[in-house]
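Novice: Pasting in a structure now, in structure tokens, and then I'll have a few things to ask.
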Amino acid sequence: MTERIVLAYSGGLDTSVAIGWIHDATGAEVIACAVDVGQGGEDLDVIRQRALDCGAVEAVVADARDEFATEYCMPALKANALYMDAYPVVSAISRPVITKHLVAAAKKYGASTVAHGCTGKGNDQVRFEVSITSLAPELKCIAPVRDLALTRDKAIDYAERKGLPIETTKHNPFSIDQNVWGRAVETGYLEDIWNEPTKDVYTYTDDPAFPPVADEVTISFAEGIPVRIDGRPVTPLQAIQEMNRRAGAQGVGRIDIVEDRLVGIKSREVYEAPGAMALIAAHQELERVTLEREQARFKRTVGDRWTELVYDGQWFSPLKKSLDTFIDDTQRYVNGDIRMILHGGRAQVTGRRSETGLYDFNLATYDEGDAFDQSHAKGFIEIYGLAAKQAAARDVANGNGEDLGEAAQQDDA
Ligand code: ARG
């Protein structure tokens, strides 16, 4: 039987050429697999037909938008996932869902190998291949751009020579990856890290310097998941889409950073994630109201580790799954409403309301009749500070007391 290879297919020039290129180099039959994670653009049927026209023996297309929103974006929201405190792991969470569909296609069509269009310098190759072998250890992986010398120039030449039904003239200077959780732009002019991103970099957000009138929104959460916007029920996908539209119109969620790739390179990335950033801001504030203090502190550590694992391609790893269990457990009481003002690039929380929150007005108030017994504070501080006081006394006795520095010079005239 002829060997079969499933190719992660985007419909663009490189992966269209890769179909024939892989066949020529290996003799295998190529099955193209395109997965819709909300990247917009062309109709799946158009993409499917193009794959067949470029020589694929089969073309599988999957609308994975709800699956991606529910099973990948929502866990990222629950973790408040921001890699290096900034990047909402847009591309990192799409690779595992795409991989699920690739592996399912490989099983269905009896393929031995999965191929993807990544270069040898990025994170995405790692995410695909580690995810593939985590789901199906028997599968092999190849990357034609990295392993079969498929360069951009060769791809253009090949497409023209074979008359493939794909545009070869439109060359975007940027490398772009986008889905419903956000958009990543790199390379070209942005590789000089002093260069300011030009206006044409952005498509999910309008310029925050010229915002329309402020937009007030109320997001209701149940167990950490957005379930209503301004009182209307929404699915996770609809919540992200609506917040992309409304926060995007206000220029919320533009991110420009130098980040540490897994492969050791520092790279300049421009992201737009209006919906993700607004939802994370709302979710984080609701957690401040609803999580017990120690649980909240520890969850930050867990969330950061979760984010690094996901960034590093370990979505299906045992540790990531264990951390999911912890994070899910913390979300039991993350219920309630967050009101925000979206304006001029900011998503600013202005109100919060929760039936399961831990904020107690009667404890917090400075008005008459509060329920907090201040007389207990004195004894609490005495004992709480005891260990530090003992240590300080020993320092003083040994001539090592804290130097008062400039403060000692002050004249009290
Ligand atoms: N640096 C980001 C990440 O590793 C974005 C990668 C985007 N991929 C691309 N082909 N432009 O998650």
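Here's the yes/no breakdown for (1) at positive phi; (2) buried (at least 21 other Cβ atoms within 10 Å of the Cβ):
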residue: G251; (1), (2): yes, yes
residue: D256; (1), (2): no, no
residue: E259; (1), (2): no, no
residue: P274; (1), (2): no, yes
residue: Q295; (1), (2): no, no
residue: T301; (1), (2): no, no
residue: D304; (1), (2): no, no
residue: L309; (1), (2): no, no
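Novice: Here is a further query. Regarding the stretch 165-176, can at least one residue be identified that is part of a strand (DSSP E or B), within 16 Å of the ligand (Cβ to nearest atom) and closer than 26 Å to K100 by Cα?
Specialist: Yes, some residue in the stretch 165-176 is part of a strand (DSSP E or B), within 16 Å of the ligand (Cβ to nearest atom) and closer than 26 Å to K100 by Cα.
Novice: Which ones in the stretch 20-59 are open to solvent by 10 Å² or more (accessible area, probe 1.4 Å), in contact with a Phe, Trp or Tyr (Cβ under 8 Å, 6 or more places away or on another chain) and within 19 Å of P96 (Cα to Cα)?
Specialist: G38
Novice: Select from the stretch 177-229 the residues that are farther than 18 Å from G253 by Cβ and acidic (D, E) and list them in ascending order.
Specialist: E191, D192, E223
Novice: Separate question: So is T198 within 16 Å of the ligand (Cβ to nearest atom), out of contact with any Gly (no Cβ under 9 Å at 6 or more places or on another chain) and free of Cβ contacts under 8 Å to residues at least 60 places away in the same chain or not?
Specialist: When the stated conditions are applied, T198 does not pass them.
Novice: Another one. Which numbered condition trips up E167, out of (1) modelled with pLDDT of 95 or more; (2) closer than 30 Å to L52 by Cα; (3) among the charged types (D, E, K, R)?
Specialist: Answer for E167: the failing condition is (1).
Novice: I would also like to ask the following. What are the residues in the stretch 79-91 that are surrounded by fewer than 22 Cβ atoms within 10 Å (Cβ to Cβ) and away from the ligand (no atom under 14 Å from the Cβ), if any?
Specialist: Of everything in the stretch 79-91, those that are surrounded by fewer than 22 Cβ atoms within 10 Å (Cβ to Cβ) and away from the ligand (no atom under 14 Å from the Cβ) turn out to be N80, D85.
Novice: Determine the pairs where a residue that is under 19 Å from Y87 (Cβ atoms) and aliphatic (A, V, I, L, M), located within the stretch 120-134, has a partner that is within 10 Å of the ligand (Cβ to nearest atom) and open to solvent by 10 Å² or more (accessible area, probe 1.4 Å) with Cβ atoms under 6 Å apart, the partner being 6 or more residues away or on another chain.
Specialist: Correct list of pairs: V126/L262.
Novice: Kindly establish whether L291 is within 13 Å of the ligand (Cβ to nearest atom) and either in contact (Cβ under 8 Å) with a residue 40 or more places away in the chain or farther than 26 Å from G188 by Cα (or both).
Specialist: Taking the combined requirement at face value, the residue does not satisfy it.
Residues checked against (1) surrounded by 10 or more Cβ atoms within 10 Å (Cβ to Cβ); (2) at positive phi; (3) not in a strand (DSSP E or B):
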{"residue": "L323", "(1), (2), (3)": "yes, no, yes"}
{"residue": "R332", "(1), (2), (3)": "yes, no, yes"}
{"residue": "L342", "(1), (2), (3)": "yes, no, no"}
{"residue": "L363", "(1), (2), (3)": "yes, no, yes"}
{"residue": "D367", "(1), (2), (3)": "no, no, yes"}
{"residue": "A371", "(1), (2), (3)": "yes, no, yes"}
{"residue": "E382", "(1), (2), (3)": "yes, no, yes"}
{"residue": "G401", "(1), (2), (3)": "yes, no, yes"}
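Novice: Do we find a residue being open to solvent by 60 Å² or more (accessible area, probe 1.4 Å), within 30 Å of I240 (Cα to Cα) and either of a type in the set (V, I, T) or touching a His at 6+ places or on another chain (Cβ under 8 Å) (or both) anywhere in the stretch 165-183?
Specialist: So far as the stretch 165-183 goes, yes, one or more of its residues are open to solvent by 60 Å² or more (accessible area, probe 1.4 Å), within 30 Å of I240 (Cα to Cα) and either of a type in the set (V, I, T) or touching a His at 6+ places or on another chain (Cβ under 8 Å) (or both).
Novice: Identify, please: which residue in the stretch 225-245 is under 30 Å from T198 (Cβ atoms) and open to solvent by 40 Å² or more (accessible area, probe 1.4 Å) and is, among those, nearest to the ligand (Cβ to nearest atom)?
Specialist: Here the answer is Q241.
Novice: Considering the stretch 92-115 alone, what residues qualify as being open to solvent by less than 10 Å² (accessible area, probe 1.4 Å) and within 11 Å of the ligand (Cβ to nearest atom)?
Specialist: Within the stretch 92-115, A92, I93, S94 qualify.
The values are calculated or read from the model by the stated rules, or taken from the named source; none is laboratory data. Source: prediction; values computed, not measured. All Cβ positions, glycine included, derive from the backbone under ideal geometry; neighbour counts span all protein chains shown. The area values use the complete protein model at the heavy-atom level, side chains included, leaving out ligands, DNA and RNA. Shrake-Rupley method; radii C 1.70, N 1.55, O 1.52, S 1.80 Å.
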